[in-house]
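Step one of this worksheet: look at the structure below.
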Amino acid sequence: MSGKKVSSRLALYAALFIVSLFLIFFVGTRIDKETWESHTIITSDGLMHFKKGLDIAGGVRLTYKIDFAKYEQVYTNETELLQAKKTAQDIILKNIDSRISKLGVSDYSSYIQKLTDGDYLIVEIGGLDDIDEAKRIIGKTVELEFKLANDANEGSAELYAERQNIAENLLLNVSANPEQFEALGTGRASEDIFYTNYVDTPIEQLPDIYRTNPTLLSSLQTGAIYPTLLTDTYHVIQAQDASGAVQTQTLKGFTIVKFNGATSVRLDSLEPARVLAVAERRGLDTEIVWQKDIAPSTTGLIAYDGASTVKFTGPEALPGVSGYNIALYQVVDITNTATIADAVRAGEPLSEEQAVQLVDGWADGSVLAAQLIGFDPTLEVNIYDQAEGTFILKITDSKDASETLVPTISFGGMSAQSADRLISAMLNAELYSIEDIRVQDTQTWVPAIDPKSNDILNGAFFKFANVTQSQTGKPVVAINFDDRGQDIFCNVTEANIGRQMAIFVGGQLMTAPTIQDKICGGTAQIDGTFDVKSAKELTENLNSGALPAPLILSHEEKVSPTLGESALKGAFIAIAIGFAVIFLLMLLMYGWKKAVIVTITLIFFLAFLMAIFKLFGVVASLSAIAAAILTVGMAVDANVLIFERLKEELAQWKSMRTAISDAYERSWFPIRDGNISTGLIGFLLFTMGVNVFKGFGTTILINMALILLVNVPLTKELLYLFYRGEKSK
């Protein structure tokens with residue numbers, strides 16, 4: 001081999017060595033806390049940017065309970081249940097691993113732990129000291145559910161007992177883990193379980209279960225969970241049905257209450273709802289009159305006239321729009337519409353057989369124009385024939401956009417003392433902070449189950465999601481199933497034509513179309529009020545962590561390092577001492593030239609190793625350091641084999657160059673075979689999946705490659721360099 005080739009190869013190694021030093025000392029990684037994407041940066045403290053494992057830098061441990069309640073309700077066969085749980089656990093681990101591995105965190109591990117009260121997912125993330133950041137990482141995962149409308153939703157004693165049992169178990173769970181109250185109730189709309197948090201809320205804005213029950217409020221203890229379920233009506237609300245019509249909906253079921261305290265405050269202004277609520281609690285009769293052009297300085301105020309009347313002037317209603325004081329009727333007896341209109345004009349009473357009054361009060365002019373085709377505000381009384389029926393509208397007063405309209409509420413027959421008490425009750429309010437979980441006594445949706453295989457259609461069969469367009473050009477999210485999921489989805493849709501199927505993501509209802517025909521293409525579509533950004537965000541969340549079962553955070557803690565930074569420094573000191581000992585040993589055994597060669601190859605070896613750790617984000621854990629120290633010995637062993645073989649070749653009176661070449665060639669095969677054998681062990685450890693073994697195995701594989709590709713060839717080149725011109729030795 002010519003001296004020119006030797007010089008060029010040494011120059012290549014020197015260049016790689018300089019690049020490695022630059023990577024080690026001047027290259028780092030910055031993580032965007034918003035997107036959790038990692039970016040390579042140039043920095044002056046590159047040594048601080050190595051990824052350190054839990055045992056060196058510490059981190060965060062999160063414990064999640066895997067909620068298999070839905071599986072246990074569906075699978076009555078124990079073997080099927082265990083198999084379904086095992087499949088779900090494998091998918092959860094895979095998705096969590098996929099999610100975290102993309103984020104550039106120092107070190108992590110995830111595994112399933114079985115305890116007496118259920119299955120738990122343990123996630124450990126190294127290099128983080130902020131628990132909220134760790135929860136944010138895991139929190140991106142979402143549960144994907146497909147459910148069918150429940151045909152037997154009400155009137156079943158068996159269903160009522162089942163829902164009560166769910167509520168009682170939930171009460172026991174939150175009572176044992178009060179810090180998990182929100183986590184145990186959030187994201188469960190698909191189960192008709194709803195969590196609500198009322199913060200500093202006056203009584204009139206609380207649901208009926210509190211507003212009509214002041215005795216309950218006075219009995220609640222701050223910081224405590226109420227020991228029994230509340231079974232009164234939770235709230236009566238006005239909601240739109242599928243056709244857009246307003247319906248009265250009564251929310252019933254079982255309520256779990258956590259009372260976080262109450263604060264007494266004096267209000268600067270009042271709202272009509274509070275005035276009426278206080279009056280209702282005191283059993284007072286009220287008179288409400290709407291007035292125009294009230295001075296703004298008097299709105300929101302309550303005062304006693306000094307004689308017998310307390311009067312509240314409310315804030316402005318219908319601000320900046322035209323409004324009308326109307327009486328709106330829907331005609332029942334359409335054969336006598338004209339006669340009924342005359343009675344309305346004359347202010348005569350109507351029977352239910354003639355017409356039903358829908359509105360009596362002020363209404364927005366633009367709303368009337370939208371609801372009544374041909375609305376004419378110039379007519380005092382008019383008849384409107386609509387698709388929904390015949391309506392008669394009587395206008396008794398109007399306001400234009402420049403006029404104000406406010407309600408005034410009066411209380412008559414009030415003495416000065418009673419007026420003072422009333423005004424004080426209205427202005428001095430208790431603000432309540434309450435968390436509650438409501439378990440409805442009905443079940444709107446039931447799991448979508450394949451009638452042929454009994455498999456639940458959920459995130460276990462999710463493949464990927466993508467943004468596409470509906471027929472109208474609006475963005476929608478397409479959910480694509482794997483091969484097994486395609487068959488299940490086809491069977492479910494075929495067996496439930498004419499029935500609603502809902503898709504829930506993270507417990508929130510995304511869409512609930514009616515199945516028109518069986519769908520066997522393997523794709524479900526989420527329609528909604530998406531823009532491109534929100535559709536893309538949902539798609540990314542699904543692709544990064546769609547889960548077949550919900551995760552409930554049950555414990556969080558910071559993990560102290562078992563090795564620590566000080567021990568890490570000690571390891572480097574030990575390596576430095578080891579280098580010195582190796583140099584002395586080589587000096588005594590082979591002379592100063594070979595001792596220097598060994599030292600140089602080890603320095604190059606460690607520089608390349610650290611550069612690879614930095615470049616590919618390999619975690620510097622205790623197991624990885626142990627593997628590195630072990631393979632340093634293997635690297636020295638390779639040098640020793642070459643040196644001993646060189647002695648034998650020189651003993652045969654070969655020239656120095658020929659002896660070096662033959663020694664290298666004849667040493668290569670045993671060195672290669674030994675390292676490959678060790679590498680196979682490292683590969684087996686890597687594939688075991690346990691983080692400790694994985695780190696050890698990864699480092700073994702890297703070091704094996706470095707010994708064969710760097711240490712051994714570099715030793716040969718250095719021998720040529722140091723013994724250039726010598727005939728024998």
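Any read-out appearing in this document is the output of simple, stated calculations on the displayed coordinates, not a laboratory observation. Given the structure is predicted, the values throughout are model-derived calculations rather than measurements. All Cβ positions, glycine included, derive from the backbone under ideal geometry; neighbour counts span all protein chains shown.
Table for the structure above
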{"read-out": "Distance between the range 185-212 and the range 268-297 - C-alpha centres, whole angstrom", "value": "25"}
{"read-out": "Rounded tilt (10° steps) of 157-176 against the dominant C-alpha axis of the chain", "value": "60"}
{"read-out": "Relative packing of peptides 669-678, 618-627 - highest average C-beta neighbours within 10 Å first", "value": "618-627, 669-678"}
{"read-out": "Rounded if a/c under 1.5, otherwise prolate or oblate - the range 273-427, Cα gyration tensor axes", "value": "prolate"}
{"read-out": "Packing-based ranking, highest mean first, of 384-392, 19-27 given that Cβ atoms within 10 Å are counted", "value": "19-27, 384-392"}
{"read-out": "Packing rank of 443-451, 77-85, where each peptide gets the mean count of other beta carbons within 10 Å, highest leading", "value": "443-451, 77-85"}
{"read-out": "Rounded to 10°, Cα long-axis angle of helix 592-616 versus longest principal axis of the chain", "value": "20"}
{"read-out": "In the range 510-550, the trypsin sites (Lys or Arg not before Pro) that fall in loop regions by DSSP, at most 15 other Cβ within 10 Å", "value": "LYS518"}
{"read-out": "Cα centroid separation - the range 300-339 against the range 420-445, whole Å", "value": "27"}
{"read-out": "Loop-located chymotrypsin sites (Phe, Trp or Tyr not before Pro) in the range 598-674 whose Cβ has at most 13 other Cβ within 10 Å (DSSP)", "value": "TRP653"}
{"read-out": "Average Cα contact separation per residue, the range 562-722, under 8 Å, 6 or more apart, as relative contact order %", "value": "28"}
{"read-out": "Cα-based helix-to-principal-axis angle, 656-687 vs the chain, degrees rounded to 10", "value": "30"}
{"read-out": "Correct option for semi-axes √(5λ) of the Cα gyration tensor in Å [calculated from the coordinates] among [x] 40, 34, 27; [y] 63, 29, 20; [z] 77, 30, 26", "value": "[z]"}
{"read-out": "Relative contact order (%) - criterion: Cα under 8 Å, at least six apart; region: the range 473-542", "value": "44"}
{"read-out": "Loop trypsin sites (Lys or Arg not before Pro), the range 418-501, which have at most 15 other Cβ atoms in a 10 Å radius of their Cβ (DSSP)", "value": "LYS452, ARG499"}
{"read-out": "The chain - mean residue ellipticity at 222 nm from DSSP helices (-39,500 (n - 2.57) per run, n ≥ 4, rounded to 500)", "value": "-14000 deg cm²/dmol"}
{"read-out": "Translational D in µm²/s for the range 585-705 (Stokes-Einstein at 10 °C, 1.306 mPa s, Kirkwood Rh from C-alpha pairs)", "value": "101"}
{"read-out": "The chain: relative contact order in percent, alpha carbon pairs under 8 Å with at least 6 residues between", "value": "19"}
